[in-house]
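Have a look at the structure below, then the notes.
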């Protein structure tokens, strides 16, 4: 058994992948856990793909080797498809039921697969689909989708839910703390209800 629990968070620039990884890092600090992380976010202003690697308990390096991630959190269906190779067969994917088109990855002149085709291509994984936009609006802000997704994945992450929520409170802007705390809790409930079902 490998010593670390490896999480890859992927999305489109502006969706909050870096903030989500910061929350996980803060939660690890609160629980006195070793954590290694790395982000690629140079394309954030151009609608490009952004990825954050988080290795809880990792000691050697911050990048996850393809095929070895324990959890993939995708803020967009196309990004789930693009990064699925980081998971082994049967690996856990928590994905936002959302498509951002076009991005720098799928340009206007390319045929973009629909939701049904994408989910079919992910059929060998343990997939939980979340309506993050709807839950974020229910929480009070569409901008809290990233925190909804963290909540939805929290049942799989080896950190206590109360620690994760406290990390959310510490990492988000002060005026948005209560909205994001609600977003986390709504996401957690949705993740528990939808576990294993696309």
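Bear in mind these aren't lab numbers, they're just calculated from the coordinates by the rules spelled out. Predicted model only: the values in this text are computed from it and were never measured. Note: ideal-geometry Cβ built from the backbone for every residue, glycine included; neighbour counts use all protein chains shown.
Using a simple spin-label model with pseudo-atoms 7 Å out from Cα toward Cβ, residue 192 and residue 112 lie 3.4 nm apart.
Can you run the Rg to Rh ratio on the stretch 116-198? Use alpha carbon positions and the Kirkwood inverse-distance Rh.
1.02
Can you list the residues of the stretch 3-29 with backbone N under 18 Å from a point 7 Å past the Cα of residue 60, pointing along Cα to Cβ? Once the point is set 7 Å along Cα→Cβ of residue 60, 3-7 turn out to lie under 18 Å by backbone N, inside the stretch 3-29. Taking every DSSP beta bridge that has both ends in the chain, the antiparallel portion is near 50%. Residue exposure proxy: 162, 131, ordered by other Cβ atoms within 10 angstrom of their Cβ from fewest to most, comes out as 162, 131.
Restricting the calculation to alpha carbons of the stretch 5-194 gives Rg and Dmax of 15.3, 48 angstrom.
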